[in-house]
Structures are given as C-alpha cells and as structure tokens.
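Novice: Before I ask anything, here is the structure I am working with.
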Amino acid sequence: MAATGHDGPMTDARWQDADNYLAEQLVEDDKALRSALEDSQAAGLPAIAVSPLQGKFLYILARLIGARRVLEVGTLGGYSAIWMGRALGPQGRLVSLEVSPEHARVARANLARAGLGEVAEVIVGPALVSLPKVLEQAGPASFDLTFIDADKTNNAGYWEWALRLTRPGGAIVVDNVVRDGEVANAASTDSAVIGSRQVIEAMGAAPAAVATALQTVGLKGYDGFAIALVSGPDGTA
Ligand code: SAH
Ligand code: DHB
Ligand code: MG
C-alpha cells in the first residue's frame, strides 16, 4: 500500500522489492561500485547516488550515443561517474563538478579504484563558477552527454550551460525532476521544486533541443528524470 499524502515522501515496499529484483537479475555485483557506496557512506556522504539500475541506464545511454566525453554536474562519491566513465573507452574523458571538497576527495579515490583515475577529473567549486571555465577550456559542444544532478535550485542555469557544452546529437539528462509529483505544483515554495519546474519549462521551450521526461519509482521513491536530445541551430541533430 502506498504510504503517501502531500505531507510525506511517497514510498511503497513493492517499488523497492521490484527494484531489488530487477537489479539482482540485471546489474552484476561489482566490487568498485559496491566499494564506492560503502566508502561514501563511511565518509558520511548522503545516500543519494543514482540507484544501480539508474546507473546502468546512464551507462547504456552513453554507449548508445557512442559517448567519449561526459560532463557531470554533482559528483557526490562518484557512483554515477563510475557508471558513465566505464562506457567511454580508454580515450574517454569525464569531467564532474562538485562543490564539496570532501565529496570530491571521496569521489576521486572511488574513481581511481574503479580504474578511471586517468579518465575522470573532478573539479571542486560551485558548478556555476566551474562551468564557464569548462567552456573556456574544452570549447562549445565538446561533450556527448551531460548529466545534471547537483543542487536543484540551479537546474535552469545548469541547463543553459549544458546546451552550450553538449554537441548536437548529444544528450542532456536532468535527475530528480518529479519530486514526489510536486513538479506539478505551481504553488510550491520548495526551491528544489521551483528549480525543477524552471528546468522543465526551459527544456520545453528550447529551440535547440527535443526533450521528454519519465516518472520513476523504486529504491529512491517516486521521482523521475528529464532527457533532451541536443539539435543543431537549424533543428537537425
Ligand atoms: N551524481 C551523483 C549524486 C550527486 S548528489 C550520483 O548519482 O552518484 C548531488 C551533489 O551535488 C552533492 O555531492 C552536492 O555536494 C553537489 N552540489 C550541491 N550544490 C552544488 C553546486 N552548487 N555545485 C556543484 N555541486 C553541487
Ligand atoms: C537528493 C539529490 C539527488 O540528486 C537525488 O538523486 C536524491 C536526493 C537530495 O538532495 O536530497
Ligand atoms: Mg540525483
């Protein structure tokens, strides 16, 4: 039975059971990923990484588009970065932006243990400060895939930078946009909900992208992500 209402997170044991079953069948038990979560927890990081199934979805998405260069906003302990970094091949490059030096330290160690020490770079600082520098150094349209998963308040700003930094034919994924369905609440005063609505509306209005969003349930409750395909200035990919 769904324990819900507007006064608490919507959770359902069936969602978790199904997620666990699906992950058991589909996601191989992996030392580097498991250790990344264990060490993140030991270091006191919040347990808000993408789920194993979601991580593998990001991996498959990166493989599908032949990604070689990935940009991530919000590293935490590097769990999603490991998944995406593994999709890139030895010439791959993953740049992940993280405001917390402690999170970045844990993430770098986790990425190194996963064999991605040469592939992944974690840049410490507020992402809105780092993103202009990334653009300066890497140039426009230099990433195949951008994963936005940091503070939700700044999502619309991250989206604008992602549009500049992601190549036509590339993809931009924004995590956690549904927020227990609160995304539909225009009267919400929650800054994360407001940020989610702002990014959804910007994605819908962007001439240089086609976007959709999918609601999800599972280990992380009721949430969802948005995904955009970046197109060229003339609407072609
Ligand atoms: N992508 C990660 C989870 C990220 S959690 C995973 O799935 O494994 C969100 C992260 O964004 C946290 O580590 C938080 O410290 C970071 N963050 C919050 N505000 C930020 C900001 N302004 N700039 C960069 N990172 C930020
Ligand atoms: C939170 C952040 C996330 O990126 C996520 O996937 C779940 C929760 C949070 O800040 O609570
Ligand atoms: Mg997230």
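Novice: For the chain, what is the calculated [θ] at 222 nm in deg cm²/dmol (nearest 500), taking -39500 (n - 2.57) for each run of four or more DSSP H residues and dividing by its residue count?
Specialist: Calculated from helices alone, the mean residue ellipticity at 222 nm is -12500 deg cm²/dmol.
Novice: Given H placed 1.01 Å from N in the peptide plane, which residues other than close sequence neighbours of R179 have an amide H under 5 Å from its amide H?
Specialist: Result for R179 returns G224.
Novice: Here's a follow-up. Among K152, K56, K31, which one moves the most in a GNM of the chain with springs linking Cα atoms closer than 10 Å?
Specialist: Looking only at K152, K56, K31, the largest GNM fluctuation is found for K31.
Novice: Per residue Cα convex hull volume for the range 74-194, in cubic angstrom?
Specialist: Output value, Cα hull per residue: 114 Å³.
Novice: Let me ask something else about it. How large are Rg and Dmax for the range 12-68 when only the alpha carbon atoms are used, in Å?
Specialist: When restricted to the Cα atoms of the range 12-68, Rg and Dmax are 13.1, 38 Å.
Novice: Let me ask you something else. Please give the charge dipole size of the range 3-148, origin at the Cα centre, charges +1 on K and R Cβ atoms and -1 on D and E Cβ atoms. Round to the nearest 20 debye.
Specialist: Once rounded to the nearest 20, the dipole reads 540 debye.
Novice: Right, another one. Using only the Cα atoms of the chain, construct the convex hull and provide its projected area averaged over every direction, in square nanometres to one decimal.
Specialist: 12.7 nm²
Novice: Now for a different question. List every residue whose amide H lies under 5 Å from the amide H of G170, counting only residues 5 or more places away in sequence or on a different chain, with H placed 1.01 Å from N in the peptide plane.
Specialist: Those lying under 5 Å, H to H, from G170 are V230.
Novice: What does the range 33-124 give for Rg and for Dmax, in Å, if only its C-alpha atoms count?
Specialist: 11.8, 35
Bear in mind these aren't lab numbers, they're just calculated from the coordinates by the rules spelled out. Because the structure is predicted, anything quoted here is derived from the model rather than measured. Positions of Cβ are backbone-derived with ideal geometry, glycine not excepted, and every protein chain shown enters the neighbour counts.
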